[in-house]
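Novice: Right, I'll just put the structure down here and ask away after.
The values are calculated or read from the model by the stated rules, or taken from the named source; none is laboratory data. Just so it is clear, the model here is predicted, and its values are computed rather than measured. Please note: Cβ atoms are built from the backbone with ideal geometry, for glycine as well, and neighbour counts cover all protein chains shown.
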Ligand SMILES: NC(=O)c1ccc[n+]([C@@H]2O[C@H](COP(=O)([O-])OP(=O)(O)OC[C@H]3O[C@@H](n4cnc5c(N)ncnc54)[C@H](O)[C@@H]3O)[C@@H](O)[C@H]2O)c1
């Protein structure tokens, strides 16, 4: 299918990054949010990334103007998706919110439009099940920050059609990204492995195997990870990590039981960089 217009739902951390990637790829891009303040913030963040590209000589002034001209902002779902060939949802990680959003989207989007969710760990099959045409739904799991991270996990739910997979892969490629195809399963490839490593790091800290700094240092210098597991969880948010682990524990079993030391950090309000203290103090 030829894709000309991309609608992105949610203008937060991921949504504005996805919209920027769509604008860079040359798509007419619509960014939707329930909050005008979030839309304004998202637009400023996109402008800043484009401006940085100009300063670094990666984007010409002419291209920057053309890119900015491709963006439209919307605060009404039906208006946001009316011309969309693909809708990429990056709203909060709450299943009920996503289910009602996709119901609304299906009622207003063109019949040919592909519907994709950027969920980190929720079930795409569950989202597809509320649609009259579940074959049009799949997952596109981007990484933060979108403009720097090369990968998109393309997720095939139970009913996702081959045409939907092909469209998601083609759009990813136009955005300059690499893809891996993942069958729907909790946490896909990356969140599942990442949660496992991060949880194991907390068990090691709890057991006194090594200090947090030394565990981070060991993974960086010994295993070539760009960040240590504690540096990373402080960035992601300990509460976010805990909720991912609780979900993986429920769906995949005992090996994902959240470490008591992680739970204790969350109870203590040590949620990571966003509050100035996590495993480390900032
Ligand atoms: N942050 C990450 O590193 C990351 C990485 C990959 C995937 N994800 C997933 O992407 C999604 C968005 O995460 P985020 O970190 O960008 O969240 P965020 O909180 O930064 O942004 C969410 C945005 O959605 C808006 N919103 C609220 N209700 C909405 C609705 N009904 N319709 C549309 N928008 C609505 C909010 O105003 C906010 O601007 C989640 O599903 C998350 O799991 C996040």
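Novice: So is residue 274 surrounded by fewer than 14 Cβ atoms within 10 Å (Cβ to Cβ) and in contact (Cβ under 8 Å) with a residue 24 or more places away in the chain or not?
Specialist: On the way: surrounded by fewer than 14 Cβ atoms within 10 Å (Cβ to Cβ): no; in contact (Cβ under 8 Å) with a residue 24 or more places away in the chain: yes.
No: the conditions fail for residue 274.
Novice: Please give the helices (runs of 4 or more DSSP H) falling wholly within segment 1-79 in which 3 or more residues are in the same structural domain as residue 106 (by TED's automatic domain parsing), more than 13 Å from residue 90 (Cα to Cα) and within 12 Å of the ligand (Cβ to nearest atom).
Specialist: Numbers: elements: 13-24, 36-55, 61-69.
Where helices (runs of 4 or more DSSP H) fall fully within segment 1-79 and carry at least 3 residues being in the same structural domain as residue 106 (by TED's automatic domain parsing), more than 13 Å from residue 90 (Cα to Cα) and within 12 Å of the ligand (Cβ to nearest atom), they are 36-55.
Novice: Suppose we filter segment 93-106 for residues that are near the ligand (Cβ under 7 Å from one of its atoms) and at pLDDT below 95; how many remain?
Specialist: 1
Novice: Also, I was wondering about something else. From the list 34, 8, which residue is at pLDDT 95 or above, touching a strand residue (DSSP E or B) at 6+ places or on another chain (Cβ under 6 Å) and closer than 22 Å to residue 87 by Cβ?
Specialist: After applying the criteria, what remains is 8.
Novice: Residue 126 - would you say it is within 12 Å of the ligand (Cβ to nearest atom) and either at positive phi or outside any strand (DSSP E or B) (or both)?
Specialist: no
Novice: Show the residue pairs meeting these rules: Cβ distance below 6 Å; 6+ apart or different chains; first residue within segment 43-57 and closer than 22 Å to residue 75 by Cβ; second residue surrounded by 13 or more Cβ atoms within 10 Å (Cβ to Cβ).
Specialist: 45/16; 46/16; 46/20
Novice: On to the next question. Does segment 195-237 hold any residues that are outside any helix (DSSP H, G or I) and within 22 Å of residue 144 (Cβ to Cβ), and which are they? Don't jump to the end; show me each part of the working.
Specialist: Taking segment 195-237 and keeping what is outside any helix (DSSP H, G or I), we get 207-211, 224-228, 237.
Of everything in segment 195-237, those that are outside any helix (DSSP H, G or I) and within 22 Å of residue 144 (Cβ to Cβ) turn out to be 224, 225, 226, 227, 228, 237.
Novice: Just to be sure, is residue 157 within 21 Å of residue 1 (Cα to Cα), crowded, with 17+ Cβ neighbours inside 10 Å and at pLDDT 95 or above? Explain how you work it out, then say what you get.
Specialist: On the way: within 21 Å of residue 1 (Cα to Cα): yes; crowded, with 17+ Cβ neighbours inside 10 Å: yes; at pLDDT 95 or above: yes.
Answer is yes for this residue.
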